[in-house]
Amino acid sequence: MVSHTGVHRKGQLSLFDLLRSIRERPDFYKVGALALFVGVVRGETSSGETVKKLRLEAYEEKASGVLENICDQLRKRVGVIDVEIHHLLGEFDVGEDMVYVLVAGSHRHDVFPVLEEAVERYKKEAPIFKKECITDKEGVSKSYWVSERESLS
């Protein structure tokens with residue numbers, strides 16, 4: 001069984017595990033649609049700098065609570081069976097998965113709006129922080145912390 005919604009160390013959870021876990025729910029027979037968002041490390045910043053790697057950290061207890069609260073609220077929507085947000089922490093290379101958001105619902109029209117809201121809310125509300133290690137346009141390597149709340153990603 002997959003860990004509850006929240007933050008997890010990189011390597012503790014896979015997308016395969018998450019999908020298997022949702023299918024093992026006793027009420028999965030009510031599900032007619034699964035919507036999934038996978039956030040991956042992009043290789044370029046919004047200003048065109050090259051991303052070499054990313055480090056994600058969080059105020060873990062608070063972040064897990066915020067993510068669970070978002071999911072609890074969204075699970076109350078009509079036609080929604082489950083909502084899960086799993087944000088990974090650690091050091092990531094370009095192209096690696098860093099967050100999974102899954103919404104299970106009765107019908108496809110029930111899941112897409114909830115998926116979008118879940119993604120927008122975790123980015124604004126959860127105390128999760130990223131450190132970008134980049135090479136700027138002049139070829140100079142730099143690294144800096146960017147709050148998920150303030151990023152445009």
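Read the figures in this text as sums done on the coordinates, not as results from a lab. Note that the structure is a prediction, hence the values are computed from the model and not measured. Note that each Cβ is placed from the backbone with ideal geometry, even for glycine, and that neighbours are counted across all protein chains shown.
Placing +1 on the Cβ of every Lys and Arg and -1 on the Cβ of every Asp and Glu, with no other charges, gives the chain a dipole of roughly 160 debye about its Cα centre. Couplings 3J(HN,Hα) of the stretch 15-24, computed from phi: 4, 4, 4, 5, 5, 5, 4, 5, 6, 8 Hz, in residue order, whole Hz [Karplus 6.51 cos²θ - 1.76 cosθ + 1.60, θ = phi - 60°; x for Gly and Pro]. Only lysines eight or more places from Lys53 in sequence, or on another chain, were considered; those with a Cα closer than 28 Å are Lys10, Lys62, Lys123, Lys124, Lys130, Lys131, Lys137, Lys142.
Among Gly11, Gly65, Gly32, the residue with the largest mean-square fluctuation in a Gaussian network model of the chain, with springs joining Cα atoms closer than 10 Å, is Gly11.
Just to confirm the filter: which trypsin sites (Lys or Arg not before Pro) across the stretch 1-103 are DSSP coil and have at most 16 other Cβ within 10 angstrom of their Cβ? Here the trypsin sites (Lys or Arg not before Pro) that fit, given the DSSP loop and packing criteria, are Lys10, Arg42, Lys76, Arg77.
Could you tell me which of rounded, prolate or oblate describes the stretch 1-97, using a ≥ b ≥ c as the square roots of the eigenvalues of the alpha-carbon gyration tensor, with rounded for a/c under 1.5 and, failing that, prolate when a/b is larger than b/c and oblate otherwise? Prolate. Here the gap between Val40 and Gln73, fully extended at 0.36 nm per residue and compared with their Cα-Cα distance, gives a gain of 9.4 nm. Estimated from helices alone, the mean residue ellipticity of the chain at 222 nm is -9000 deg cm²/dmol (sum of -39500 (n - 2.57) over DSSP H runs with n ≥ 4, per residue).
Let a ≥ b ≥ c be the square roots of the eigenvalues of the Cα gyration tensor of the stretch 73-153; is it rounded (a/c under 1.5), or, if not, prolate (a/b larger than b/c) or oblate? Because a/c hits 1.5 or more and a/b exceeds b/c, the stretch 73-153 counts as prolate. Ordering of 116-126, 89-99 by packing is 116-126, 89-99, highest average first (other Cβ atoms within 10 Å, averaged per residue).
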